[in-house]
1. Among the aspartates and glutamates, which have Cα under 13 Å from the Cα of residue B:74 when same-chain residues fewer than 8 positions away are ignored?
2. Modelled label-to-label distance, residue A:226 and residue B:10, 7 Å Cα→beta-carbon offset: nm?
3. Using the beta-carbon distance between residue A:194 and residue A:65 and R0 = 35 Å, what value does 1/(1 + (r/R0)^6) give for FRET efficiency, to the nearest 0.05?
4. Specify the residue with the greatest mean-square fluctuation among B:241, B:186, B:254, computed from a Gaussian network of chain B linking alpha-carbon atoms under 10 Å apart.
5. Please enumerate, by chain and number, the lysines with C-alpha under 23 Å from the C-alpha of residue B:305, excluding those fewer than 8 residues away in the same chain.
6. Which of A:60, A:49, A:85 moves the most in a Gaussian network model of chain A with Cα springs under 10 Å?
7. With +1 assigned to the C-beta of every Lys and Arg and -1 to the C-beta of every Asp and Glu, and no other charges, what is the dipole magnitude of chain B about the Cα centre in debye, to the nearest 20?
8. Any idea what Rg and Dmax come out to for region B:2-179 if you just take the C-alpha atoms, in Å?
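Rule-based calculations on the coordinates, nothing more; no lab input. Since the model is a prediction, treat every value here as computed from it, not as a measurement. When we count neighbours, we look across all protein chains shown, and the Cβ atoms used for this are built from the backbone with ideal geometry, even at glycine.
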Amino acid sequence: MNVIVCVKQIPDPALPGALDPSTKTLKRDGKLILDESDSYGVEMALQLVGKAGGGEVSLVSMAPNGETSGMRTALAMGAARGVLVSDPALQGTDALTTAKILAAAVQKLGGADLIIAATESSDGYTGTVPEQLAEVLGLPSITFAKSVDVDGTTLKVNRQTEAGFDEVTCTLPALVSVTAGVVEPRYPSFKGIMAAKSKPVDTVTAADLGVSPVGWAGAGQEIVEIGQAAARQAGEIVEDDGEGYAKIVAFLESKKVI
Amino acid sequence: MKVWVYAQQAEGAPTSATLELLTKARSLGDVTAFLAGDASGIATTLGEFGASKVYATGDLGGHLPGVAASTAIKAIIDGGDSPDLILFPQSYEGRDVMARLSVKLDKTVLTNNVDIAVDGSTVKVTTPVFGGNVLVTSSFNGDGPYLAAFRPKSFPVEAAGGGAAEVVAAPVGELGATGGAKVEAVHVEEHTGPKLDEAAVVVSGGRGLGEAGNYSTIETLAKLLKGAPGASRAIVDAGWVPYSYQVGQTGKVVKPDVYLAVGISGATQHMVGMKGSKTIIAINKDKEAPIFGIADLGIVGDAQKIVPKLIEALQGR
Ligand SMILES: Cc1cc2nc3c(=O)[nH]c(=O)nc-3n(C[C@H](O)[C@H](O)[C@H](O)COP(=O)(O)OP(=O)(O)OC[C@H]3O[C@@H](n4cnc5c(N)ncnc54)[C@H](O)[C@@H]3O)c2cc1C
Ligand SMILES: Cc1cc2nc3c(=O)[nH]c(=O)nc-3n(C[C@H](O)[C@H](O)[C@H](O)COP(=O)(O)OP(=O)(O)OC[C@H]3O[C@@H](n4cnc5c(N)ncnc54)[C@H](O)[C@@H]3O)c2cc1C
C-alpha cells in the first residue's frame, strides 16, 4: 500500500508569531520545522504501510525558500521520498489554491491508495485544505479521524463528532484527516536521520505543476485591516499560603455563584 | 444581499451556532437556510429567527455531509438560485461542506471569523490571530457566493418573530466516486449536568493535575458549583478525558460567568476558547504562567493542595 502524507513546514510555534506589516502575511523567514499536527499523519502512514507488509510513504509539502528541514524530519521517521513545491509566486496563497498545488504534487507522485493530512495546521488552522484536496482529486474522504485502520482495500475510521464518534468506512483510494494524538509519533533514530539526508526530495515550482494563478493573484481575498483586540487586564494574583482556597470561596461569593 | 445560513440541528432543535448566524444574517439581507437533513421539526424556529425558506436534503442515508450537502447546494446554485454570501458554523460539518463547495464553485473560504460587515457589495470578515490579541479583517475579491465560517458565540441570539420557514426539498442526487464514505455506526457519549458551552460555571483541568486519576476532583468541583467540567487539549490528547471536554481553538468556545482553570498554562490556543468568560480564576504553581495575565483572581500554588481544600469548603456550605 502506498500512502502520501501532506506535511506542512511551519515556524517554530514556541516562538512568538508576527505578521509582516508590508505583506500582511505570517513571517516565515526563520528555520521551519515539521508541524507537530502532521507528525501524527506520518506515524500513521508508517504504521499502516508496515501492517500492509509493503509499499511506501511519500510526502508532499508547499513551503517558501526551498525549505526541506521539516520534510527531513518526516524522512528520518521513515518516509521514502517527497515533492516540495516552492516558488516565490506562491506568497499569499489561500487554502483553495494550496489544495490545488498539493493535488498536483500528489499526481506528480503518481497518486496513492491513501492520502493523509492533519485536521488543521498549527499556524494557519484554516482547517479546510484536506477536504478541498480530496475534492480536487475527486476522492472520497473521512475527516477528523481518531483511529484509522485499513483492511484490504477498505478504510475504517472512528470519526470524531461533536457528540461522540461515528464508525465510518470507505473503499480506497481515499483521503483521511487525522486529529492530534491518534498515534504516538516515533522519534527519528540516528540511523534514520543519516539516511534522510540522501532520500530524494523533488523541488518544483507552481508553473512546473501547471497550476495558475497562485499567490495573491489567485487568492479570493485580501487583508484590509489589522487591529488590536481589547486586552483583558490581569487581576489579583496571590501566593497560596494554605488559605488560597478561601480567596476563591470569597470570590465566588462576591460573584453570587455560591 | 441574499444571505444563506448553513443550519445544523441536534436533539430536534437548531444548534445555538445556527441561531447566532441567523440573528446576524437578518441584519445583512434576505435570509435562507440550508439543512443537510429533515427540516420539518425546526422550520418554525428557523422562521422565528428570520429564515423565510429552508432548503433541506432529507436523510443523508449514511453519507457524510461534506460531499452530500455541497453537491445539493451546487445543484441549487446551478438551478438559478445563487446566494451572495453563505455563513457556515465553524463546526466539523460546516468546515467539510464549505471546503467541498469551495472547490465546486472555485471560491475561496474564510474561516475562524468572529465578525462580519457588509458595505454595499463588499463583504469583510474579522478573525483573531495570535490567541486573539490581533484582529485581522479581510474582504472577499471578485464575485460571490462568498463562503465564510464563524466561531461559536460570535453573535448574540435573538428571535425576530417571523412565521415558519417554507421547506423546499433539495435532493442530494448522484454522488459518484467522492461519495464513497459510509457511516456504519453512531456513538453518543453520555453526559449529565449542564452543557460545557452553555454552563454558567466551567471548571477546567490541565496537565498540571499530574495524572488522569486527579481529574475526578475537577468533576467534583464542577458539580458543587452546578457547572460543567472542561479540559485543555494536553489532557484530551493524553486520553484522560474525551474530546468533547476540550476548550479552545480546536475545541469548544465557552463564555461562562466564572471560568476556573486548574493546572492550565494558558496557551494561546486554549485562551481563544475561554477569554470571553465574564470572570476567570486560575490555579497554577508557576507565577509566570500566561493564564495569570488574563485572570481576575490567580492563586499561585499546588493544585493538589488547593483543590481538595476548596472542595471541602464548598461541601461544608
Ligand atoms: C492566521 C491565518 C489565518 C488564515 N486564514 C485563512 C482563511 O481563512 N482562508 C484561506 O484561504 N487562507 C487562510 N490563511 C492562509 C493559509 O494559511 C494558507 O492558505 C495555507 O497555505 C494553507 O492553510 P492552512 O495551513 O491554514 O490549512 P489547513 O486547512 O489548516 O491545513 C490542514 C492540513 O493540510 C495540510 N497542509 C496545509 N497546508 C500545507 C502545505 N503548505 N504543505 C503541506 N501540507 C499542507 C497539512 O496536513 C495541514 O495540517 C490564513 C493564514 C494565517 C496565518
Ligand atoms: C493547532 C493547535 C490547536 C490547539 N488547540 C487547542 C485547544 O483547542 N485547546 C487547548 O487547550 N489547547 C490547544 N492546543 C494546545 C496548546 O498549545 C497547549 O499545548 C495546551 O493548551 C497545553 O495544555 P495545558 O495547559 O494543560 O498543559 P501545559 O502547557 O503543560 O501546562 C500545565 C500547567 O500546569 C502547571 N502545573 C504543573 N503542576 C502543577 C501543580 N501541581 N499545581 C498547579 N499547577 C501545576 C504548570 O505550571 C503549567 O502551567 C492547540 C495546539 C495547536 C498547535
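1. Leaving aside aspartates and glutamates fewer than 8 places away in the same chain, those within reach of residue B:74 are B:106, B:174.
2. 3.5 nm
3. Numbers: r = 24 Å, r/R0 = 0.69.
So the FRET efficiency works out to roughly 0.90.
4. B:186
5. Reachable lysines: A:247, B:223, B:226, B:285, B:287.
6. So, out of A:60, A:49, A:85, the one fluctuating most is A:49.
7. Working: 27 positive and 32 negative charges, 176 e Å.
Here the size comes out at about 840 debye.
8. 15.2, 45
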